[in-house]
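*Asks:* Here it is, the structure in full.
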Amino acid sequence: MLEKVGVSPETFAFFLPIISLFGSTFILFMVVLLLNSLVSRFIRRSIDSSELRRKWLVQSRNGIILIFLLGLILIWGEELRTLALSVVAIAVAFVVATKELILCVTGSLLKTGAGSFDIGDRIQIKDFRGDVIDQTLLATTILEVGPGKLTHQRTGRMTVIPNALFVSEPVINESYTRQYVLHVFTVPFKRTDKWQAAQQALLAAASKHCKPYLENARIYMQKLSDERGLDASSVDPRVTIQIPTAAEIHLVVRFPVRSSQRSYIEQLILSEVFTEDFSGKGKSTDEENEENAIS
């Protein structure tokens, strides 16, 4: 009989479950319509109060809709379970394929929510360091500053950083205090050099070049500390000593400076100080005094 109508047994066997599901759904739909009609007729005939009748009509309708939905779940449960597994598999594959893009969007939300930096700030993340010139949902663009982590001149190169890095790597914001910053640089000496004289010369040069704006920097730092609930940092220039090895002395120079003039003021200080020779090749003043006393 199937061959007469042009349907093969395999095709009929394939479509039989689908026909059964739709047939069950149609029967359920007709039963629900019939039940709703019977219940509505019974309520209208049995209840005289219009307000109570309206209430029971609404409640019965909602109950019948709930029964219809439960019936659909029972009929289509297996197919819905298969569909859910397929959707989950597709979602997992999508997440794996777009992992980096999702991390970039997450990193963008993270840095925006945390207020890590703004356009114009000088930041460092991993080995990338520079001034932020653009931010998008997927990447951050900086103008590279270097070479290394101690210099403050632009190299002329642009770096595009994927925002995914901001999820897993710490960000250093060198422009946190905005208008004025406390700039630090290190000058190494040997223990035999005249580092005491160099220390005094560096302090004098730093104080000289900071003097025109030192009071303004002090007021700005105090205001910033009050706004953010921090202890006010001293802005007076200072030169401290570090001893990384037994044969070396490092002089750490710290002074306030406008954020745009860090490299300029540093070079002024170094150029002024190192017009003198602080090497230990020549005789020190104490040695010369001893020789004069002996003679």
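The values are calculated or read from the model by the stated rules, or taken from the named source; none is laboratory data. None of the values given here were measured: they were computed from a predicted structure. Methodologically, a virtual Cβ is constructed for each residue, glycine included, from the backbone with ideal geometry; neighbour enumeration extends over all protein chains shown. These accessible areas exclude ligands, DNA and RNA; they are computed on the full protein's heavy atoms, side chains included. Shrake-Rupley method; radii C 1.70, N 1.55, O 1.52, S 1.80 Å.
*Asks:* Classify segment 207-246: rounded, prolate or oblate, from the alpha-carbon gyration tensor (a ≥ b ≥ c, eigenvalue square roots; a/c under 1.5 rounded; otherwise prolate if a/b is larger than b/c)? Walk me through the numbers on the way to the answer.
*Replies:* Values: a/c = 5.58, a/b = 1.52, b/c = 3.68.
It is oblate, given that a/c is not under 1.5 and a/b is not larger than b/c.
*Asks:* From the list (i) 46; (ii) 66; (iii) 30, can you say which value of percent of Cα pairs over 29 Å apart was derived from the structure given?
*Replies:* (ii)
*Asks:* How far apart, in nm, are two points set 7 Å out from the Cα along the Cα-to-Cβ line at LEU85 and at TYR213?
*Replies:* About 6.9 nm, to one decimal.
*Asks:* When the Karplus curve 6.51 cos²θ - 1.76 cosθ + 1.60 is applied with θ = phi - 60°, which whole-Hz ³J(HN,Hα) does each residue of segment 133-140 get, with x for Gly and Pro?
*Replies:* Values per residue, Gly and Pro as x: 10, 7, 9, 10, 5, 10, 8, 10 Hz.
*Asks:* Rg/Rh for segment 155-211: what does it come to with C-alpha atoms and Rh from Kirkwood?
*Replies:* Working: Rg = 18.4 Å, Rh = 15.8 Å.
Radius of gyration over Kirkwood radius for segment 155-211 works out to 1.17.
*Asks:* Helix-derived [θ] at 222 nm for the chain: sum -39500 (n - 2.57) over DSSP H runs of at least 4, divide by residue count, nearest 500?
*Replies:* On the way: 8 runs with 159 residues, N = 295.
That comes out to -18500 deg cm²/dmol.
*Asks:* Let me ask something else about it. Extension gain LEU34-LEU230, at 0.36 nm per residue separation less the Cα-Cα distance, in nm?
*Replies:* Numbers: separation 196, 0.36 × 196 = 70.56 nm, distance 7.45 nm.
Going from the current span to full extension adds 63.1 nm.
*Asks:* What is the magnitude of the charge dipole of segment 87-236 about its Cα centre, with +1 placed on the Cβ of each Lys and Arg, -1 on the Cβ of each Asp and Glu, and no other charges, expressed in debye to the nearest 20?
*Replies:* On the way: 17 positive and 15 negative charges, 111 e Å.
Here segment 87-236 has a charge dipole of around 540 debye.
*Asks:* Once you put a point 7 Å from the Cα of GLN179 and another 7 Å from the Cα of PHE22, both along the Cβ direction, what distance in nm separates them?
*Replies:* That separation, rounded to one decimal, is 7.6 nm.
*Asks:* Using 1/(1 + (r/R0)^6) with R0 = 35 angstrom and r between the beta carbons of GLU100 and THR186, what's the FRET efficiency to the nearest 0.05?
*Replies:* Values: r = 38 Å, r/R0 = 1.09.
In this case the efficiency is close to 0.40.
*Asks:* So what does log10 I(q)/I(0) come out to for segment 103-205 at q = 0.18 Å⁻¹, using the Debye formula with one equal point on every Cα and no solvent?
*Replies:* Rounded to two decimals, the profile gives -0.85.
*Asks:* From the phi angles alone, apply the Karplus equation (6.51, -1.76, 1.60; θ = phi - 60°) to segment 167-184 and give each ³J(HN,Hα) in whole Hz, x where the residue is Gly or Pro.
*Replies:* 7, 10, 10, x, 10, 9, 9, 7, 10, 4, 8, 6, 5, 10, 10, 9, 8, 10
*Asks:* Taking 0.36 nm per intervening residue step and subtracting the Cα-Cα distance, what contour gain separates ARG238 from GLN267 on full extension? Could you put the intermediate results ahead of the total?
*Replies:* Details: separation 29, 0.36 × 29 = 10.44 nm, distance 1.66 nm.
This chain segment gains 8.8 nm when fully extended.
*Asks:* Farthest toward the dipole's positive end in the chain, which of LEU270, VAL32, TYR180, given Cβ charges of +1 (Lys, Arg) and -1 (Asp, Glu) about the Cα centre?
*Replies:* VAL32
*Asks:* While we're looking at this one, here's another question. Distance cut-off 29 Å, Cα to Cα: go down the list LYS194/LYS223; LYS99/LYS149; LYS149/LYS190; LYS111/LYS223; LYS126/LYS190; LYS126/LYS223 and report the pairs above it. The partial results should precede the final answer.
*Replies:* Numbers: LYS194/LYS223 39 Å; LYS99/LYS149 31 Å; LYS149/LYS190 23 Å; LYS111/LYS223 25 Å; LYS126/LYS190 31 Å; LYS126/LYS223 32 Å.
Checking Cα-Cα distances, LYS194/LYS223; LYS99/LYS149; LYS126/LYS190; LYS126/LYS223 exceed 29 Å.
*Asks:* Still on this model: Show me the ranking of peptides 165-176, 197-208 by mean Cβ neighbours inside 10 Å, starting with the highest.
*Replies:* Values: 165-176: 15.4, 197-208: 18.5.
Answer by packing, highest mean first, reads 197-208, 165-176.
*Asks:* Could you compute the net charge surrounding SER86? Neighbours are other residues with a C-beta less than 14 Å from the C-beta of SER86; K and R count +1, D and E count -1.
*Replies:* Cβ neighbours under 14 Å give a net charge of -1.
*Asks:* If you roll a 1.4 Å probe over the chain with all protein chains in place, what percent of the accessible area is carbon or sulfur? Don't skip to the answer; put the middle values down first.
*Replies:* Values: 12250 of 19750 Å².
The computed percentage sits at 62.
*Asks:* Taking square-rooted eigenvalues a ≥ b ≥ c of the alpha carbon gyration tensor, is segment 50-102 rounded, prolate or oblate, where a/c under 1.5 means rounded and, failing that, a/b exceeding b/c means prolate?
*Replies:* Details: a/c = 11.50, a/b = 2.59, b/c = 4.44.
Note, shape of segment 50-102 comes out oblate.
*Asks:* Quick one: dipole size for segment 35-123, taken about the Cα centre, charges +1 on Lys/Arg Cβ and -1 on Asp/Glu Cβ, in debye to the nearest 20.
*Replies:* Values: 11 positive and 7 negative charges, 136 e Å.
Dipole size: approximately 660 debye.
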